[in-house]
């Protein structure tokens, strides 16, 4: 059953939640953007991030990216260009009448946030870009490998480890595999390093030490003029979000640099 609200983002229906701390209509907003093949519920709400941020006195705005969750799911890869998905975040802020927000994104959400910071700099204050790292700097065939795994007629026939991992993960929820494949083929383009070097927002890059998808977060943090990195020992790409050290890193950063 659908939850939350929806809005029209240039012809695509985007689902979102907008929650305020009790009795605080002026709480500083933070927008949450989830990872690939996940959703706002799975990535954030079900892992107690809504509760954590609300208790910290923050307005929680969490969206389902196009192709995911309760949002519309186009099958055209062009619909998932990173600048298009970053524009969805800015349009959500427009829809809610929010001039500026802090940002928290994981994996695909971190990559979208990277793009949003240099394409819509005036809309964001400080950003946690988690589940991304040095791999963001280089072209990759990961998207095609993931898409091939998602579209295989029989999941038992998927032999590529990366394709297999994401096929299994995607099938844990009611996902549209064709939409996810279209997204995967588009989303692994490298970030623009000239643009990143011009970003002056406070940024923290957070990744698990055992994350073999993102690689080392330090080189990406060094690409920002005001970036820092946090490495979570003993965690990989799928186990970082619920770890209390990730929570502490996010809350500490927002306390120092957030609205």
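The values are calculated or read from the model by the stated rules, or taken from the named source; none is laboratory data. Bear in mind that the values here come from a model prediction, so they are computed numbers and not experimental data. Heads up, the Cβs are rebuilt from the backbone with ideal geometry, glycines too, and the neighbour counts pull from every protein chain shown.
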Which of the residues belonging to the range 23-48 are outside any loop (DSSP other than H, G, I, E, B), under 23 Å from residue 97 (Cα atoms) and in contact (Cβ under 8 Å) with a residue 40 or more places away in the chain?
29, 30, 31, 32, 33
Can you confirm whether residue 200 is crowded, with 22+ Cβ neighbours inside 10 Å and either without any contact (Cβ under 8 Å) to a residue 12 or more places away in the chain or assigned to a loop (DSSP other than H, G, I, E, B) (or both)?
no
I'm trying to understand the selection: among the residues of the range 155-164, which are in contact (Cβ under 8 Å) with a residue 12 or more places away in the chain and either in a helix (DSSP H, G or I) or under 16 Å from residue 38 (Cβ atoms) (or both)?
155, 162, 163, 164
Condition check for residue 230: in contact with a helix residue (DSSP H, G or I) (Cβ under 9 Å, 6 or more places away or on another chain) and over 25 Å from residue 64 (Cα atoms)
yes
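Looking at the range 127-154 only, could you name the residues that are part of a loop (DSSP other than H, G, I, E, B), without any contact (Cβ under 8 Å) to a residue 60 or more places away in the chain and farther than 12 Å from residue 187 by Cβ? Walk me through how you get there before you give the answer.
Taking the range 127-154 as the starting set, the residues that turn out to be part of a loop (DSSP other than H, G, I, E, B) are 131-133, 138-141, 152-154.
If we keep only those that are without any contact (Cβ under 8 Å) to a residue 60 or more places away in the chain too, we end up with 138-141, 152-154.
Across the range 127-154, the qualifying residues are 138, 139, 141, 152, 153, 154.
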Of (1) surrounded by fewer than 19 Cβ atoms within 10 Å (Cβ to Cβ); (2) within 21 Å of residue 204 (Cα to Cα); (3) over 17 Å from the mean Cα position of the chain (by Cα), residue 59 fails just (1)
Is at least one residue of the range 174-189 without any contact (Cβ under 8 Å) to a residue 40 or more places away in the chain and assigned to a helix (DSSP H, G or I)?
yes
Determine which member of the set 212, 194, 236, 157 is surrounded by fewer than 17 Cβ atoms within 10 Å (Cβ to Cβ), at pLDDT below 95 and in contact with a strand residue (DSSP E or B) (Cβ under 9 Å, 6 or more places away or on another chain).
236
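Only one of 221, 184, 173, 249 is under 17 Å from the mean Cα position of the chain (by Cα) and closer than 14 Å to residue 36 by Cβ; which?
The unique qualifying residue is 184.
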